[in-house]
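Trainee: Following this message is one structure expressed as structure tokens.
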């Protein structure tokens, strides 16, 4: 409201705070404009869940649940949380990975498995740990 008052016209500010007590990992927040501004979070959860249904390492979180890097620590998982800002017509996608597993070594093993026709999850940790 203050920004709009100062500017003399409506200003929409999108702010996402991150509280990150983490040892390692990457927490990313990505913003994109929706082609259909009538979509709501539940619509996007359905779309994302369907898209990633065959991806063993992607976990689309329930409505109102947002990823934490500690969940991904020691795994090859990518946790995805979604939100819609109806004021701006934008989707906010939050993701968390362990940058040492998913970001480097785990990605190499996953690619090797796919190239060799092996089970994609072979040799990769399924359960995380939190130091």
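Trainee: Looking only at region 68-92, which residues are under 24 Å from residue 114 (Cβ atoms) and under 9 Å from the mean Cα position of the chain (by Cα)?
Mentor: Those that are under 24 Å from residue 114 (Cβ atoms) and under 9 Å from the mean Cα position of the chain (by Cα): 78, 79, 80.
Trainee: Residue 124 is checked against (1) touching a helix residue (DSSP H, G or I) at 6+ places or on another chain (Cβ under 7 Å); (2) part of a strand (DSSP E or B); (3) touching a residue at least 24 places away in the same chain (Cβ under 8 Å) and fails just one. What number does that condition carry?
Mentor: Unmet for residue 124, out of (1) touching a helix residue (DSSP H, G or I) at 6+ places or on another chain (Cβ under 7 Å); (2) part of a strand (DSSP E or B); (3) touching a residue at least 24 places away in the same chain (Cβ under 8 Å): (2).
Trainee: Looking at 59, 102, can you tell me which residue is surrounded by 12 or more Cβ atoms within 10 Å (Cβ to Cβ) and either more than 12 Å from the chain's Cα centre (by Cα) or closer than 30 Å to residue 10 by Cβ (or both)? Talk me through it step by step, then tell me what you get.
Mentor: On the way: 59 fails: either more than 12 Å from the chain's Cα centre (by Cα) or closer than 30 Å to residue 10 by Cβ (or both).
Matching residue, one of 59, 102: 102.
Where a number appears in this text, it was derived from the coordinates with a stated rule and is not lab data. Everything quoted here is computed from the prediction, not taken from an experiment. A quick note on method: Cβ atoms are made from the backbone with ideal geometry, for glycine too, and the neighbour counts reach across all protein chains shown.
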